[in-house]
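**Student:** Structure incoming, see below.
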């Protein structure tokens, strides 16, 4: 069994670049001298293919900029090719040297220059202001995510259709499984498997590079569209045996995946979808997975884990943000205070009409839940599950969107992006959900209530302009004049409205 990911062997070194356009792995092996900041530099090397390179060869590189050194693991990509990928975060000259257990691969030097990022490249997303996110260049990031668990396992025609839908949609984050999925409405065989298979059995001593090349191509295409790829590393919905692998195979898989994909700036790591439904694994196993990913990832991409019925302890230091299944938005303040981390309701049920309790809420209810999340200082997650004669449901296979919520979620995303760059936080002891940047910005959401008027108590001596927002009709109606201190505002008297106050 492999106990660690492959590290390359090679006889001659060929350098390739850089920003890995949409395609990902299919790079020309030609010398390159420049790579954009937060792009992908790649050293592609021809080496031995005999024996089992996945187990027998280890290679990494030490990248240096000034007095700083970054250690990066490489991987075997099949057919005698080994790769080391690196995403530089600092402008200027970088050098590197390889380290390997094979003398012919050890001590090989190289260099490149990191140049300014191209438009649209704002760097990776990280946690900012405790409960929120921003890109590395300082641009605020407000997640409006969707779920397509198995979209990258459906073949080119459907996958390209999914990408076309995403290009025209509001979403800037995608939850997606690395392993294929076996579940209702999703029982077709994938085109590729992560390990060679014969007679229904997996050869866990080696990986199938074709699977990973295809998968990272899709991740690269999401990156080109500015969509974060929230990669689910394990899940319980499996007929191929991936949730039952021996511990040493689990660990090797994680290291190999991180070596291949960590350099993509849009990657997030989610240890599991519904971790507590994988009954064969203990909490200590999930802790170990977090440790392996954290120790293997030179860039410290965001890390989370998604629950079924039981919450993982998101206060553990290796978790960067809480990924929640549920719709009890009133608990957001409790979780924010307990974890001191962002909270994303990645699964708060799906817009659709299937005969499952989690997959038949209305579009209006989906939008309502996103607004409840926002007004409580958290973020929502979308999914769509409409019955289809060919079982092509967005939540699992992708394709096209049929629901009414996506364009309303684009409207909410606009509202969030127009708000304070630091994000908005819930105010305590309020009759209705309200998130604010005190003294500057207040967003009240009245949910099912339909007040014809409402009294407010904003800071005295500060003038605010008021707007009435209809999240479903996607309208913003300015209220004449300015307001401060205690006052009463007349409202339309219908449910699901919000009121926004911005400092005049």
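**Student:** Every residue in region 218-247 that is part of a helix (DSSP H, G or I), under 16 Å from residue 149 (Cα atoms) and touching a helix residue (DSSP H, G or I) at 6+ places or on another chain (Cβ under 9 Å), please.
**Tutor:** Narrowing region 218-247 to residues part of a helix (DSSP H, G or I): 218-224, 242-244, 247.
Now drop any that are not under 16 Å from residue 149 (Cα atoms), which leaves 218-219, 222, 242-243.
218, 219, 222, 242, listed by residue number.
**Student:** Would you confirm, using the coordinates I've provided, whether residue 431 is modelled with pLDDT under 95 and part of a loop (DSSP other than H, G, I, E, B)? Even if it seems obvious, please write down each step before you answer.
**Tutor:** On the way: modelled with pLDDT under 95: yes; part of a loop (DSSP other than H, G, I, E, B): yes.
In short, yes.
**Student:** From the set of residues in region 329-345 that are assigned to a loop (DSSP other than H, G, I, E, B) and in contact with a strand residue (DSSP E or B) (Cβ under 9 Å, 6 or more places away or on another chain), which is surrounded by the most Cβ atoms within 10 Å (Cβ to Cβ)? Walk me through how you get there before you give the answer.
**Tutor:** Pass one, region 329-345, residues assigned to a loop (DSSP other than H, G, I, E, B): 340-342.
Filter again for in contact with a strand residue (DSSP E or B) (Cβ under 9 Å, 6 or more places away or on another chain), leaving 341-342.
On the way: 341: 18, 342: 26.
In this case the residue turns out to be 342.
**Student:** While we're here: Filter region 97-111 down to the residues that are assigned to a strand (DSSP E or B) and surrounded by fewer than 22 Cβ atoms within 10 Å (Cβ to Cβ), then identify the one that is farthest from the chain's Cα centre (by Cα). Steps first, please.
**Tutor:** Keep residues of region 97-111 that are assigned to a strand (DSSP E or B), which gives 97-100, 109-111.
Applying the additional criterion that residues be surrounded by fewer than 22 Cβ atoms within 10 Å (Cβ to Cβ) yields 97, 99, 109-111.
On the way: 97: 31, 99: 31, 109: 34, 110: 32, 111: 31 Å.
Across region 97-111, the extreme among qualifying residues is 109.
**Student:** Do we find that residue 80 is touching a residue at least 12 places away in the same chain (Cβ under 8 Å) and assigned by TED's automatic domain parsing to the domain that holds residue 54 in this structure? Reasoning before the result, please.
**Tutor:** Numbers: touching a residue at least 12 places away in the same chain (Cβ under 8 Å): yes; assigned by TED's automatic domain parsing to the domain that holds residue 54: yes.
Yes, satisfied.
**Student:** Is there a residue being without any contact (Cβ under 8 Å) to a residue 60 or more places away in the chain and crowded, with 18+ Cβ neighbours inside 10 Å anywhere in region 389-400?
**Tutor:** Taking region 389-400 as the starting set, the residues that turn out to be without any contact (Cβ under 8 Å) to a residue 60 or more places away in the chain are 389-390.
Next cut, crowded, with 18+ Cβ neighbours inside 10 Å only: none.
There is no residue in region 389-400 that is without any contact (Cβ under 8 Å) to a residue 60 or more places away in the chain and crowded, with 18+ Cβ neighbours inside 10 Å.
**Student:** Pick out the one residue from 207, 211 that is within 21 Å of the chain's Cα centre (by Cα), outside the structural domain of residue 276 (by TED's automatic domain parsing) and within 21 Å of residue 292 (Cβ to Cβ). Quick ask: steps written out before the conclusion?
**Tutor:** Working: 207 fails: within 21 Å of the chain's Cα centre (by Cα).
Among 207, 211, only 211 is within 21 Å of the chain's Cα centre (by Cα), outside the structural domain of residue 276 (by TED's automatic domain parsing) and within 21 Å of residue 292 (Cβ to Cβ).
**Student:** Look at region 207-216 and say how many of its residues are touching a residue at least 40 places away in the same chain (Cβ under 8 Å) and buried (at least 19 other Cβ atoms within 10 Å of the Cβ).
**Tutor:** Adding up the residues that qualify gives 6.
**Student:** Still on this model: Residue by residue through region 447-475, note down the ones that are within 16 Å of residue 367 (Cα to Cα), surrounded by 15 or more Cβ atoms within 10 Å (Cβ to Cβ) and over 30 Å from the mean Cα position of the chain (by Cα). Reasoning before the result, please.
**Tutor:** Here is the first cut: in region 447-475, the ones within 16 Å of residue 367 (Cα to Cα) are 447-449, 469-475.
Applying the additional criterion that residues be surrounded by 15 or more Cβ atoms within 10 Å (Cβ to Cβ) yields 447, 449, 469-472, 474.
Passing the criteria: only 449.
**Student:** So, one more: How about region 68-96: which of its residues are closer than 26 Å to residue 206 by Cα and part of a strand (DSSP E or B)?
**Tutor:** 71, 72, 73, 74, 75, 76, 81, 82, 83, 84, 85, 86
**Student:** Go through region 120-132 residue by residue and tally those that are surrounded by 18 or more Cβ atoms within 10 Å (Cβ to Cβ) and within 12 Å of the chain's Cα centre (by Cα).
**Tutor:** Qualifying residue count for the region: 2.
**Student:** Can you give me the number of residues within region 395-420 that are touching a helix residue (DSSP H, G or I) at 6+ places or on another chain (Cβ under 8 Å), closer than 21 Å to residue 180 by Cα and not in a loop (DSSP other than H, G, I, E, B)?
**Tutor:** Summing the residues that are touching a helix residue (DSSP H, G or I) at 6+ places or on another chain (Cβ under 8 Å), closer than 21 Å to residue 180 by Cα and not in a loop (DSSP other than H, G, I, E, B) in region 395-420 gives 2.
**Student:** For region 254-274, does any single residue satisfy the condition of being in contact (Cβ under 8 Å) with a residue 12 or more places away in the chain and surrounded by fewer than 21 Cβ atoms within 10 Å (Cβ to Cβ)? Reasoning before the result, please.
**Tutor:** First, the residues of region 254-274 that are in contact (Cβ under 8 Å) with a residue 12 or more places away in the chain: 254-274.
Within this subset, residues satisfying the condition of being surrounded by fewer than 21 Cβ atoms within 10 Å (Cβ to Cβ) are 274.
Taking every residue of region 254-274 in turn, at least one turns out to be in contact (Cβ under 8 Å) with a residue 12 or more places away in the chain and surrounded by fewer than 21 Cβ atoms within 10 Å (Cβ to Cβ).
**Student:** For the structure I just gave you, tell me whether residue 250 is out of contact with any strand residue (DSSP E or B) (no Cβ under 9 Å at 6 or more places or on another chain) and free of Cβ contacts under 8 Å to residues at least 40 places away in the same chain.
**Tutor:** The answer is no for residue 250.
**Student:** Here's a follow-up. What pairs can you find where one residue is in region 55-70 and without any contact (Cβ under 8 Å) to a residue 12 or more places away in the chain and assigned by TED's automatic domain parsing to the domain that holds residue 98, the other is in a strand (DSSP E or B) and surrounded by 17 or more Cβ atoms within 10 Å (Cβ to Cβ), and their Cβ atoms are less than 8 Å apart, with a gap of 6+ or different chains?
**Tutor:** Partner pairs satisfying both residue conditions: 69/63.
**Student:** Further, regarding this structure: Looking only at region 414-431, which residues are without any contact (Cβ under 8 Å) to a residue 24 or more places away in the chain and either closer than 15 Å to residue 498 by Cβ or surrounded by fewer than 16 Cβ atoms within 10 Å (Cβ to Cβ) (or both)?
**Tutor:** Of the residues in region 414-431, the ones without any contact (Cβ under 8 Å) to a residue 24 or more places away in the chain are 414, 418, 420, 427, 429-431.
Result: 414, 418, 427, 429, 430, 431.
**Student:** Among the residues that make up region 434-444, is at least one of them more than 26 Å from residue 378 (Cα to Cα) and in contact (Cβ under 8 Å) with a residue 12 or more places away in the chain?
**Tutor:** We begin by selecting, within region 434-444, every residue more than 26 Å from residue 378 (Cα to Cα); these are none.
For region 434-444, residues more than 26 Å from residue 378 (Cα to Cα) and in contact (Cβ under 8 Å) with a residue 12 or more places away in the chain: absent.
**Student:** Right, next: State yes or no: is residue 380 surrounded by 21 or more Cβ atoms within 10 Å (Cβ to Cβ), part of a strand (DSSP E or B) and in the same structural domain as residue 402 (by TED's automatic domain parsing)? Walk me through it before giving the result.
**Tutor:** Values: surrounded by 21 or more Cβ atoms within 10 Å (Cβ to Cβ): yes; part of a strand (DSSP E or B): yes; in the same structural domain as residue 402 (by TED's automatic domain parsing): yes.
Yes: the conditions hold for residue 380.
**Student:** From the list 66, 92, 51, 78, which one is surrounded by 14 or more Cβ atoms within 10 Å (Cβ to Cβ) and either closer than 26 Å to residue 251 by Cβ or at pLDDT 95 or above (or both)? If you could, list the steps in order and put the result at the bottom.
**Tutor:** Numbers: 66 fails: surrounded by 14 or more Cβ atoms within 10 Å (Cβ to Cβ); 92 fails: surrounded by 14 or more Cβ atoms within 10 Å (Cβ to Cβ); 51 fails: surrounded by 14 or more Cβ atoms within 10 Å (Cβ to Cβ).
Step by step, each of 66, 92, 51, 78 is checked, and only 78 is surrounded by 14 or more Cβ atoms within 10 Å (Cβ to Cβ) and either closer than 26 Å to residue 251 by Cβ or at pLDDT 95 or above (or both).
**Student:** When region 177-204 is examined, which residues are found to be surrounded by fewer than 17 Cβ atoms within 10 Å (Cβ to Cβ), over 24 Å from the mean Cα position of the chain (by Cα) and in a strand (DSSP E or B)?
**Tutor:** Of everything in region 177-204, those that are surrounded by fewer than 17 Cβ atoms within 10 Å (Cβ to Cβ), over 24 Å from the mean Cα position of the chain (by Cα) and in a strand (DSSP E or B) turn out to be 197, 198, 201.
**Student:** Please go through region 255-292 and give me each residue that is more than 19 Å from residue 214 (Cβ to Cβ), assigned to a helix (DSSP H, G or I) and touching a strand residue (DSSP E or B) at 6+ places or on another chain (Cβ under 9 Å), ordered by number.
**Tutor:** Step one: filter region 255-292 for residues more than 19 Å from residue 214 (Cβ to Cβ), giving 255, 265, 268-292.
Now restrict to residues that are assigned to a helix (DSSP H, G or I): 255, 275-277, 283-292.
255, 275, 286, 289, 290 - these are the residues of region 255-292 that are more than 19 Å from residue 214 (Cβ to Cβ), assigned to a helix (DSSP H, G or I) and touching a strand residue (DSSP E or B) at 6+ places or on another chain (Cβ under 9 Å).
**Student:** Limited to region 135-164, what total is found for residues that are without any contact (Cβ under 8 Å) to a residue 24 or more places away in the chain and either buried (at least 18 other Cβ atoms within 10 Å of the Cβ) or part of a loop (DSSP other than H, G, I, E, B) (or both)?
**Tutor:** 4
The values are calculated or read from the model by the stated rules, or taken from the named source; none is laboratory data. A quick note: this is a predicted structure, and the numbers were derived from the prediction, not measured. Because the Cβ atoms are built from the backbone with ideal geometry, glycine has one as well, and the counts that use them run over all protein chains shown.
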